[in-house]
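J.: One structure coming up, written as structure tokens, with questions to follow.
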Amino acid sequence: MKRTGAKPVRRRAKGAPSRTTRPASREKARVRVTPLSKRLEAPSRATPRDLFALAMRWWSEGERFDIGRMAQELGVSRATVFRWAGTRELLYGEVLSSRFDAALTAARGEFQGEGAAYLANVTERLIQLIVEDAPLRRFIQQDSEYAMRVLMSKSSRVEERCAASIRSALEEGVRDKLIRPAMNLDALSNVIVRVGQFFLYRDALTGDPPDVESAITATLILLTAEAGDARWRRR
């Protein structure tokens, strides 16, 4: 006997989608990841500039350079830091050379004029900036032997690069007719660096205190000795 009021049961045809299954067209589309999007989403890697910035910060804070710790802070391997910097001494050399360039530029920018008065002002200010450089003095006091090796050896290139900066300034002085050096510029720039090192780093070299006045006087004598002066002719 047929039951009344009951809804007929509809059988789902084989292969037909069920009511609970969303049509394929409504499924959330999967976004394909492209090579560029992978790189954009990945955390940025450190660069040599980041290493230099870190070295400058550690130098200002009085932190000794440790390649392993630097690599860890930058998120790269020790081998990468060594590939970028070469050696720890060269990394110190980059920082010291950069700071010397900045001091020379600052000293030259503070004065105007020409001749001996201008040279005296720039020389005195440059030497003052070097002497007042607290991280440099701390570096020398912490380990004077290592500091002198960094400042004066060929391996760090600090001496070479400081002489190159001075030579560039001397070239401008010759071009602008501010100086008429008695020596060729390569020799003069190297002598100025060596004289400055002797007087300013005496505490590390000989145990005597730095002699700022002698450093200024000796540098000015070198700069104001003019070509053609009979006193410099060979006898």
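The values are calculated or read from the model by the stated rules, or taken from the named source; none is laboratory data. What you see is a predicted model; the values in this text were computed from it and never measured. Using ideal geometry, Cβ is built from the backbone for each residue, glycine included, and neighbour counts are taken over all protein chains shown. All accessible areas refer to the heavy atoms of the entire protein, side chains included, with ligands and DNA or RNA removed. Shrake-Rupley method; radii C 1.70, N 1.55, O 1.52, S 1.80 Å.
J.: For the range 52-70: of the residues being among the aliphatic types (A, V, I, L, M) and out of contact with any Phe, Trp or Tyr (no Cβ under 9 Å at 6 or more places or on another chain), which is least open to solvent (accessible area, probe 1.4 Å)?
T.: Looking at the filtered set, the residue picked out is L54.
J.: Let me spell it out: the conditions are (1) of a type in the set (G, A, S); (2) within 15 Å of L200 (Cα to Cα); (3) open to solvent by 30 Å² or more (accessible area, probe 1.4 Å), and A164 meets all of them except one. Which number is the exception?
T.: (2)
J.: Among E159, E213, E124, E172, which is the only one that is of a type in the set (D, E, K, R), surrounded by 14 or more Cβ atoms within 10 Å (Cβ to Cβ) and farther than 16 Å from L96 by Cβ? Write out each step before concluding.
T.: On the way: E159 fails: farther than 16 Å from L96 by Cβ; E213 fails: surrounded by 14 or more Cβ atoms within 10 Å (Cβ to Cβ); E172 fails: surrounded by 14 or more Cβ atoms within 10 Å (Cβ to Cβ).
Unique residue meeting the criteria: E124.
J.: Going through the range 197-235 one residue at a time, which ones are polar (S, T, N, Q), at pLDDT 90 or above and closer than 15 Å to A116 by Cα? So that I can check it myself, show each step before the final result.
T.: Going through the range 197-235, the residues polar (S, T, N, Q) turn out to be 197, 206, 214, 217, 219, 224.
Next cut, at pLDDT 90 or above only: 197, 206, 214, 217, 219.
If the condition is that a residue be polar (S, T, N, Q), at pLDDT 90 or above and closer than 15 Å to A116 by Cα, then T217, T219 are the ones that fit.
J.: When the range 135-162 is examined, which residues are found to be in a helix (DSSP H, G or I) and under 17 Å from the mean Cα position of the chain (by Cα)?
T.: Matches in the range 135-162: P135, L136, F139, V150, L151, V158, E159, E160, R161, C162.
J.: Any idea which of L151, L188 is touching a residue at least 24 places away in the same chain (Cβ under 8 Å), aliphatic (A, V, I, L, M) and within 25 Å of G68 (Cα to Cα)? Reasoning before the result, please.
T.: Numbers: L188 fails: within 25 Å of G68 (Cα to Cα).
Just a single option satisfies the conditions, and that option is L151.
J.: A further question follows. If T80 meets every condition in (1) within 17 Å of D143 (Cα to Cα); (2) open to solvent by less than 20 Å² (accessible area, probe 1.4 Å) apart from one, which number is that one?
T.: Failed condition: (1).
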